[in-house]
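Engineer: Would you mind keeping the following structure in view while I ask a few things?
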Amino acid sequence: MTISTHVLDAARGRPFAGIAVSLQRRDGTEVANAETNTDGRITGWGEGLEAGVYRLVFDTAQAAPFFPEVVLTFDYSDPAQHYHVPLLLSPFAYSTYRGS
């Protein structure tokens with residue numbers, strides 16, 4: 001299965017396109033990188049990844065300068081499942097959840 005993300009502008013209710021995101025192992029080794037598309041999404045990461053702790057590192061400097069980088073660490077414990085890890089971003093706050 002795969003890992004995906006979606007970056008949403010929570011203040012305006014729209015997707016954030018062009019956000020650079022790095023998928024890394026817990027030790028910082030990068031396994032993939034991409035930019036969010038026009039719908040604010042990146043899909044298809046994780047094919048063949050081992051179970052373990054990973055993190056998504058979002059370069060949010062242009063979108064929310066107060067938070068130049070957001071790091072979301074998660075446990076990829078079952079590679080047979082799909083993991084969707086969205087980021088809801090506003091100028092002075094952000095949140096996340098495990099999506100479907």
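Engineer: Can you tell which of L88, L23, L56 shows the greatest fluctuation in a Gaussian network model of the chain with Cα springs below 10 Å?
Structural biologist: Result: L88 has the largest fluctuation of those listed.
Engineer: Also, quick follow-up: Grab the other residues whose beta carbon is less than 9 angstrom from that of I19, score K and R as +1, D and E as -1, and report the net.
Structural biologist: -2
Engineer: What is the magnitude of the charge dipole of the chain about its Cα centre, with +1 placed on the Cβ of each Lys and Arg, -1 on the Cβ of each Asp and Glu, and no other charges, expressed in debye to the nearest 20?
Structural biologist: It works out to roughly 280 debye.
Engineer: Here's something else I'd like to know. Kirkwood hydrodynamic radius of the chain from all distinct Cα pairs, in Å?
Structural biologist: 13.4
Engineer: Can you send over the carbon and sulfur percentage of the accessible area for the chain, probe radius 1.4 Å, protein chains only?
Structural biologist: Carbon-and-sulfur percentage of accessible area, whole number: 49.
Engineer: Multiply the residue separation of R26 and E47 by 0.36 nm, subtract the distance between their alpha-carbon atoms, and state the gained length in nm to one decimal.
Structural biologist: Separation in residues times 0.36 nm, less the Cα-Cα distance, equals 5.8 nm.
Engineer: Can you tell me the accessible area per residue over the chain, all protein chains present, probe 1.4 angstrom, in square angstrom?
Structural biologist: 55
Engineer: When only the heavy atoms of the protein chains count and the probe is 1.4 Å, how do D59, D27 rank by accessible area, highest first?
Structural biologist: I get D27, D59, largest accessible area first.
Engineer: Next up: Quick check: residue separation of L72 and T96 times 0.36 nm, minus the Cα distance between them. What number comes out in nm?
Structural biologist: 7.8 nm
Engineer: Related question: Between the range 1-63 and the range 76-100, what is the separation of their alpha carbon centroids in Å?
Structural biologist: Their Cα centres are 9 Å away from one another.
The values are calculated or read from the model by the stated rules, or taken from the named source; none is laboratory data. Just so you know, these numbers come straight off a predicted model, no measurement behind them. Because the Cβ atoms are built from the backbone with ideal geometry, glycine has one as well, and the counts that use them run over all protein chains shown. Please note that ligands, DNA and RNA were not included when accessible areas were found on the heavy atoms of the full protein model with its side chains. Shrake-Rupley method; radii C 1.70, N 1.55, O 1.52, S 1.80 Å.
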